[in-house]
Amino acid sequence: MSDIEIHGTCAPAFAPVRDAFADGFRQGLEIGAACAIDLEGERVVDLWAGHADPARTRPWQRDTLVNLFSTTKGFTAFCAHKLAAEGKLDVDAPVARYWPAFAQAGKGGLPVRWLLSHRAGLAAVSRPLPNEALYDWDAMCEALAAQEPWWTPGEAHGYHALTFGWLVGEVVRRIDGRSLGTYFRDEFAEPLGADLHIGLPATEHGRVSDLVPTTSPPSDAEAAHIAKAIMSEPEGLTARAFANPPSMALGSGTKAWREAEIPAANGHGTAAGLATLYGRAALPDGGGVIDPVWREQVRTENSRGPDRVLGVETRFGQGFMLPLDHPNGGATLGRGAFGHPGAGGSFGYADPERRMGFGYAMNQMGTRILLDDRVVALTDAATRAVSA
């Protein structure tokens, strides 16, 4: 697609980011996508291109929304850390202090920190759940409160792919009274003017681009591990983490999915919204997003090593993924960066050392669960540009 038209603006120093963005279309990896970068509080990259539908009849707009999957986890983490910075949440206190029913199945002493760092052993519900449970906040929280940990909490970590949102979100709700989606809207999205949502109103559905599933086989170890586990061990940890409730298989294009609050997976937003959120978080004063002293705790390594769910090495702070050395050897992310990727490609992160926030959103899903190759190219170009 050599004739792709790239819309928006790009500061001259970030021309390599524009080139990397265009390359995704030239290589046939994109249908529609957007990339945005804030540097020292100023928008230096704001690009979009392509189409919001696979038939290529609806042009992608700057305000086209997309389901961001696990990029949503960063929104949820920011909510918890705001309460912590205000002294309303002690991450080293037992979850049961805020959520008494959570003490079931021997979890009375399990601290909030282990929810945030994927060490709680609650990456899945073992008993089969009905389809409708996915959209029922109380049903999911009751199931998790009753769940016995899959491993001894604190002794290992494993990606809480879906459960992270209900676990952390219920703690936020118990402390503040507002649902996680409402809290995020009131305390972050609206004050920042960031087009980001957990629980999308029906009035906004017309702006959403449906995700287009990849037709390629898994291209990385974690995706292959998940596919194999679902087929070979349907009642095991990994299968239950991604396919219980089984309505996950219905995808992200339904009205029920969009309007529910699933704070680990169904956030909707734009690349510009992600760059605003993370760009503010990268400023010396935290930009009203995160307390700068607390930010140092957030990006301190809490978990690293073999992931019991994904089957590969992962690294987490408190609620955010932290960089690992990427096999391409590129610059990719600064070691002090923190953020979260979403299945298929979306990504948002803050690099406080460079005072930079990054957002990428797309509708053509890639084959990776963690960092997509398109994201690696874009973040590599961004890091090199700001370090030049």
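The values are calculated or read from the model by the stated rules, or taken from the named source; none is laboratory data. Note that the structure is a prediction, hence the values are computed from the model and not measured. No Cβ is skipped: glycine too gets one built from the backbone with ideal geometry, and neighbour counts run over all protein chains shown.
Within the range 49-58, does at least one residue satisfy the condition of being hydroxyl-bearing (Ser, Thr, Tyr), out of contact with any Gly (no Cβ under 6 Å at 6 or more places or on another chain), farther than 17 Å from His340 by Cα and touching a residue at least 12 places away in the same chain (Cβ under 8 Å)?
no
Report, by residue number, each residue of the range 1-49 that is of a type in the set (Asp, Glu) and closer than 17 Å to Ala377 by Cβ.
Asp19, Asp23, Glu30
Please enumerate the residues belonging to the range 198-208 that are out of contact with any Asp or Glu (no Cβ under 7 Å at 6 or more places or on another chain) and in contact (Cβ under 8 Å) with a residue 60 or more places away in the chain.
Taking the range 198-208 as the starting set, the residues that turn out to be out of contact with any Asp or Glu (no Cβ under 7 Å at 6 or more places or on another chain) are 201, 203-206, 208.
Glu204, Val208 - these are the residues of the range 198-208 that are out of contact with any Asp or Glu (no Cβ under 7 Å at 6 or more places or on another chain) and in contact (Cβ under 8 Å) with a residue 60 or more places away in the chain.
Give the range 99-139 a look and list any residue that's in contact with a helix residue (DSSP H, G or I) (Cβ under 7 Å, 6 or more places away or on another chain) and of a type in the set (S, T, N, Q), or say none.
Gln104, Ser126, Asn131
I'm trying to understand the selection: among the residues of the range 61-100, which are out of contact with any Ser or Thr (no Cβ under 7 Å at 6 or more places or on another chain), crowded, with 17+ Cβ neighbours inside 10 Å and of a type in the set (A, V, I, L, M)?
Ala77, Ala80, Leu83, Ala84, Ala85, Leu89, Val91, Val95, Ala96
Could you check, for the range 272-279, whether at least one of its residues is farther than 17 Å from His118 by Cβ, surrounded by 18 or more Cβ atoms within 10 Å (Cβ to Cβ), of a type in the set (S, T, N, Q) and at pLDDT 95 or above?
Yes; the residues of the range 272-279 include at least one that is farther than 17 Å from His118 by Cβ, surrounded by 18 or more Cβ atoms within 10 Å (Cβ to Cβ), of a type in the set (S, T, N, Q) and at pLDDT 95 or above.
Restricting to the range 245-270, what's the tally of residues that are within 18 Å of Pro213 (Cβ to Cβ) and either crowded, with 16+ Cβ neighbours inside 10 Å or over 18 Å from the mean Cα position of the chain (by Cα) (or both)? I'd like the intermediate steps shown before the answer.
Taking the range 245-270 first, the residues within 18 Å of Pro213 (Cβ to Cβ) are 246-254, 257-258, 265-266, 268.
Remaining after also requiring either crowded, with 16+ Cβ neighbours inside 10 Å or over 18 Å from the mean Cα position of the chain (by Cα) (or both): 246-250, 252, 254, 257-258, 265-266, 268.
The total comes to 12.
Is there a residue in the range 354-377 that is among the acidic types (Asp, Glu), crowded, with 24+ Cβ neighbours inside 10 Å and in contact with a helix residue (DSSP H, G or I) (Cβ under 8 Å, 6 or more places away or on another chain)?
no
Considering only the range 121-132, I want to know if a residue exists there that is free of Cβ contacts under 8 Å to residues at least 12 places away in the same chain and either among the small types (Gly, Ala, Ser) or under 17 Å from Pro246 (Cα atoms) (or both).
Here is the first cut: in the range 121-132, the ones free of Cβ contacts under 8 Å to residues at least 12 places away in the same chain are none.
Within the range 121-132, none of the residues are free of Cβ contacts under 8 Å to residues at least 12 places away in the same chain and either among the small types (Gly, Ala, Ser) or under 17 Å from Pro246 (Cα atoms) (or both).
So which residues in the range 79-120 are among the polar types (S, T, N, Q) and free of Cβ contacts under 8 Å to residues at least 60 places away in the same chain?
Correct list: Gln104 only.
Residue by residue through the range 120-131, note down the ones that are closer than 22 Å to Thr314 by Cβ and either assigned to a helix (DSSP H, G or I) or among the β-branched types (Val, Ile, Thr) (or both).
Answer for the range 120-131, where residues must be closer than 22 Å to Thr314 by Cβ and either assigned to a helix (DSSP H, G or I) or among the β-branched types (Val, Ile, Thr) (or both): just Val125.
Those residues that are closer than 25 Å to Gly286 by Cβ and of a type in the set (Lys, Arg), I need them from the range 9-45; list them, please.
Arg43
Any idea which of Ala239, Ala282 is hydrophobic (A, V, I, L, M, F, W, C), crowded, with 22+ Cβ neighbours inside 10 Å and modelled with pLDDT of 90 or more?
Ala282
Spot the failing condition for Thr72; the list is (1) touching a strand residue (DSSP E or B) at 6+ places or on another chain (Cβ under 6 Å); (2) polar (S, T, N, Q); (3) free of Cβ contacts under 8 Å to residues at least 40 places away in the same chain, and only one is missed.
It is condition (3) that Thr72 fails.
Tell me whether the range 373-382 contains one or more residues that are in contact with a Gly (Cβ under 9 Å, 6 or more places away or on another chain), of a type in the set (Lys, Arg) and within 29 Å of Lys228 (Cβ to Cβ).
So far as the range 373-382 goes, yes, one or more of its residues are in contact with a Gly (Cβ under 9 Å, 6 or more places away or on another chain), of a type in the set (Lys, Arg) and within 29 Å of Lys228 (Cβ to Cβ).
Of everything in the range 263-297 that's in contact with a helix residue (DSSP H, G or I) (Cβ under 6 Å, 6 or more places away or on another chain) and of a type in the set (Val, Ile, Thr), which residue is nearest to Arg315 (Cα to Cα)?
Checked the range 263-297; the qualifying residue nearest to Arg315 (Cα to Cα) is Ile290.
Output the number of the condition that Leu134 fails; it satisfies all remaining conditions of (1) in contact with a Ser or Thr (Cβ under 8 Å, 6 or more places away or on another chain); (2) not in a helix (DSSP H, G or I).
Against the list (1) in contact with a Ser or Thr (Cβ under 8 Å, 6 or more places away or on another chain); (2) not in a helix (DSSP H, G or I), Leu134 comes up short only on (2).
For the range 176-221, name all the residues that are at pLDDT below 95 and either part of a helix (DSSP H, G or I) or at positive phi (or both).
The one that is at pLDDT below 95 and either part of a helix (DSSP H, G or I) or at positive phi (or both): Ala221.
Name, by its number, the condition in (1) under 21 Å from Cys79 (Cβ atoms); (2) free of Cβ contacts under 8 Å to residues at least 40 places away in the same chain that does not hold for Gly236.
Looking at each condition in turn, Gly236 falls short on (1).
Does at least one position in the range 269-282 carry a residue that is without any contact (Cβ under 8 Å) to a residue 40 or more places away in the chain and not in a helix (DSSP H, G or I)?
No, every residue in the range 269-282 fails to be without any contact (Cβ under 8 Å) to a residue 40 or more places away in the chain and not in a helix (DSSP H, G or I).
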